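Since the structure comes first, as C-alpha cells, the remarks are kept for the end.
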Amino acid sequence: MSVDIAVIDYGMANLRSVSKAIEHVAPAASVAVTSDPAVIAAAGRVVFPGQGAAPDCMREIDARGLRQVIIDAAHSKPFLGICMGLQVLFEHSEEGDADCLGILPGTVQRFPHEAMHDEAGDKLKVPHMGWNNVHQASAHPLWAGIEEGARFYFVHSYFVQPDSPEVIAGFSHYPFPFTCAVAAGNMFAVQFHPEKSGDAGLMLLGNFVTWNPGARESACDMSGAACA
Amino acid sequence: MNWQVACSGYDVLAKRIIPCLDVTNGRVVKGTNFVELKDAGDPVEIARRYNEEGADELTFLDITASSDNRDLILHIIEAVASEVFIPLTVGGGVRVVADIQRLLNAGADKVSINTSAVNNPQLVKDASDRYGNQCIVVAIDAKRRGDHWEVFTHGGRTATGLDAIEWAKKMEAFGAGELLLTSMDRDGTKSGFDLELTRAISDAVDIPIIASGGVGTLQHLVDGVKQGRADAVLAASIFHFSEHAIEDAKRYMKRHGIEVRL
C-alpha cells in the first residue's frame with residue numbers, strides 16, 4: 001500500500017521533528033519516514049529534509065540508491081525540500097566542493113566572511129541561526145495565509161544562488177538579500193525550517209499537504225533549462 | 001521579483017529569548033545551587049505555555065543525579081516535540097554519541113554538551129561531523145580568575161585549568177554550532193550577566209553565543225545583547241511562576257531597540 005507522504009531518510013537529518021510536524025498538520029495522512037526507493041516512488045507527496053554537510057548528504061543519497069527517485073519525485077509530484085533538501089537540488093555546492101543533484105541550475109555558496117557585519121559594523125555570526133523575516137517574492141499556494149515578512153527559523157552557513165530568477169519564491173536578508181525559497185512546478189524548497197517555525201511553519205506545511213500543482217506546470221516548464 | 005520591498009526596510013535576525021527548564025524526575029524544578037529545589041510544574045505544560053508566550057527556543061537541562069531516571073527526559077522531549085514546534089535543546093548527562101542520537105530521535109533539535117566536551121573534545125567533533133554543527137551546542141561554565149576566566153565542569157564544581165576564551169575558540173574549531181556561556185560567578189545572583197565575559201567570548205568566535213547566568217531583571221537581558229553582544233539570552237527563574245514574562249521581556253527589549261520576534 002502506498003503512503004500519502006514520504007519523508008526521505010538518508011541518515012543525515014533529524015527527521016523526527018519533520019515527521020511530527022507533518023503528522024500534526026495532516027493527522028489523517030499516512031506518513032512514512034523511509035529510505036526505500038519503492039516507497040518514495042509510490043508516495044503521493046515527498047518531503048526531502050536534510051542537515052549536515054553537502055558532500056556527506058550526496059554520498060548518503062547515492063549509498064542508498066536514492067538519486068534517481070528524488071529527481072523523479074521532484075519532477076512528478078508535490079515535493080518539499082527543507083534546508084539541505086533545498087541546497088542539493090542545485091548543481092554544485094561550495095561546501096566540500098560537492099556536485100549536487102542538478103535539478104535546478106545554480107550554485108550553493110557560503111556566507112562570505114568579509115560581508116558578515118551589520119549597518120553599525122558589528123559582526124554577524126555564522127551559522128545564520130534564529131528567526132528572520134521571509135519575503136514572498138512571488139505568489140504561491142504554499143504562502144497562503146502566511147503574512148508577508150513573517151519570521152521563520154533558520155540555521156545554515158550556506159545559501160543557494162539560482163541561475164534563473166524566476167524560481168525565486170522567497171528571500172531574506174543576512175545582511176544582503178539571499179534566496180530562502182524556490183518554486184518550480186510541483187517543487188517547493190526552503191532554506192528555513194518550517195517544522196520549527198511555530199504557526200507560520202505549520203501553515204506552510206499544511207499548505208503543502210493539500211497542494212495540488214496543476215499538471216501543466218511541470219518543473220521543466222517553470223525552470224527552463226533545468227530539465228533539458 | 002521585488003527585492004525593493006525588503007531593501008527599503010531593514011530586516012535583522014531577531015535576538016532570541018530562551019527559557020531554560022531544569023528537569024529532574026520528570027518535573028521542572030527551580031532552586032539555587034542545586035539545593036532546596038522547588039517544584040515548578042509539569043515540563044510539557046510549561047513548554048506549551050512558553051511557546052504560546054513567544055519563546056524562540058526551549059532548553060531542557062536534565063539535572064537528574066542518578067542514571068535510573070534518565071529515560072524520563074526522553075519521554076518528556078517526545079511529548080513536547082509532538083505539540084511544540086520551535087527548536088528544542090537538551091543538555092545534561094550527554095557522554096557518548098549514542099546519547100545524542102537518542103535525544104535527537106526523541107525530538108530534540110540540538111544537544112548541549114558540557115563536561116563531556118572537556119573530558120573528550122573528540123565527542124564534539126564526532127557528533128558535529130555526524131549530525132551537523134547546527135545541532136551541537138557546547139555549554140561553557142566559566143568563573144573569573146583575575147584577568148581571565150577559567151572553565152569549570154560538573155555543574156561548576158570542578159576546575160579544569162582551561163582558559164574560557166581559548167576553549168571557546170577550540171570548540172568552534174571542533175564543530176560547535178553555538179556556545180551556551182554561563183557565568184558561575186553570576187549564576188543564581190540575579191545581578192546580571194557577566195558582560196565582560198560574554199563580550200570577550202562573542203568577539204572571539206564567529207558562531208552564536210547564548211548568554212546565561214545572573215538574569216534578575218529585563219534590563220539584564222538588554223544589557224546582555226547590547227553590551228555583551230550575545231545572540232541569544234537564556235534565563236530560568238525570571239520566567240517561572242510569572243504571567244506573560246516572555247512577552248513582557250520581548251516588548252521591553254523591543255522598546256530598547258533590540259530586534260525580537262513578536
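Calculated FRET efficiency, A:HIS92 to B:THR158, Cβ-Cβ distance, R0 = 41 Å: about 0.30 to the nearest 0.05. Equivalent-ellipsoid semi-axes for region B:126-262 (Cα gyration tensor, √(5λ), whole Å, largest first): 25, 18, 14.
Can you give the % of DSSP beta bridges in region B:13-255 that are antiparallel, to the nearest 5?
The antiparallel fraction comes to roughly 35 percent.
The Kirkwood radius of chain A, taken over pairs of alpha-carbon atoms, gives through the Stokes-Einstein law at 37 °C and 0.692 mPa s a diffusion coefficient of 189 µm² s⁻¹.
Using the alpha carbons alone, the radius of gyration of the protein assembly as shown stands to its Kirkwood radius in an Rg to Rh ratio of 0.96. Please report the base-10 log of the normalised intensity I(q)/I(0) for region B:130-192, using a Debye sum with one equal scatterer per alpha carbon and no solvent, at each q in 0.20 (1/Å). Taken in order of the listed q values, log10 I(q)/I(0) reads -0.79. A dipole drawn for the protein assembly as shown from +1 and -1 charges on Cβ atoms has a positive end, and of B:GLY214, A:SER35, A:PRO213 the residue lying farthest that way is B:GLY214. Ranking A:TYR158, B:LEU197, A:ILE82 by how far each Cα lies toward the positive end of the dipole of the protein assembly as shown (charges on Cβ) leaves B:LEU197 at the top.
Within a straight-line Cα-Cα reach of under 15 Å, B:LYS250 can be paired with the following aspartates and glutamates, leaving aside sequence neighbours fewer than 8 residues apart in one chain: B:GLU52, B:GLU53, B:ASP56, B:GLU57, B:ASP223, B:ASP231, B:GLU259. Secondary structure note: in chain A, about 60% of the DSSP beta bridges are antiparallel.
Candidates A:HIS193, A:ASN14, A:ASN133 compared by Cα position along the dipole of chain A: farthest toward the positive end lies A:ASN14, with charges placed on Cβ.
Annotation: lysines with alpha-carbon distance below 29 angstrom to B:LYS254 (same-chain offsets under eight excluded): A:LYS123, A:LYS125, A:LYS196, B:LYS15, B:LYS30, B:LYS110, B:LYS190, B:LYS226. Counting Cβ atoms of other protein chains within 10 Å of each residue's Cβ and taking the mean over peptide A:149-156 gives 5. Within the protein assembly as shown, antiparallel bridges make up roughly 45 percent of the DSSP beta bridges whose residues both belong there. Panel order for A:MET1, A:MET84, B:MET171, B:MET184, by other beta carbons found within 10 Å of each beta carbon, from fewest to most: A:MET1, B:MET184, B:MET171, A:MET84. The label point for A:ALA120 and the one for B:ALA204, both projected 7 Å from the Cα toward the Cβ, are 2.3 nm apart. Is region B:13-255 rounded, prolate or oblate when judged by the Cα gyration tensor, a ≥ b ≥ c being the square roots of its eigenvalues, rounded requiring a/c under 1.5 and prolate requiring a/b larger than b/c? Rounded is the answer for region B:13-255, as its axis ratio a/c remains below 1.5. By the beta-carbon count within 10 Å of each Cβ, the least crowded to most crowded order of A:MET203, A:MET116, fewest first, is A:MET116, A:MET203.
Residue by residue along B:101-108, Cβ atoms of other protein chains within 10 Å of the local Cβ number 2 on average.
All of the numbers you see were taken from the coordinates with simple rules; none came from a lab. Just so we're clear, the structure is a prediction, and the values are computed from it rather than from any experiment. Don't worry about glycine lacking a Cβ; one is built from the backbone with ideal geometry, like all the others, and counts go over all protein chains shown.
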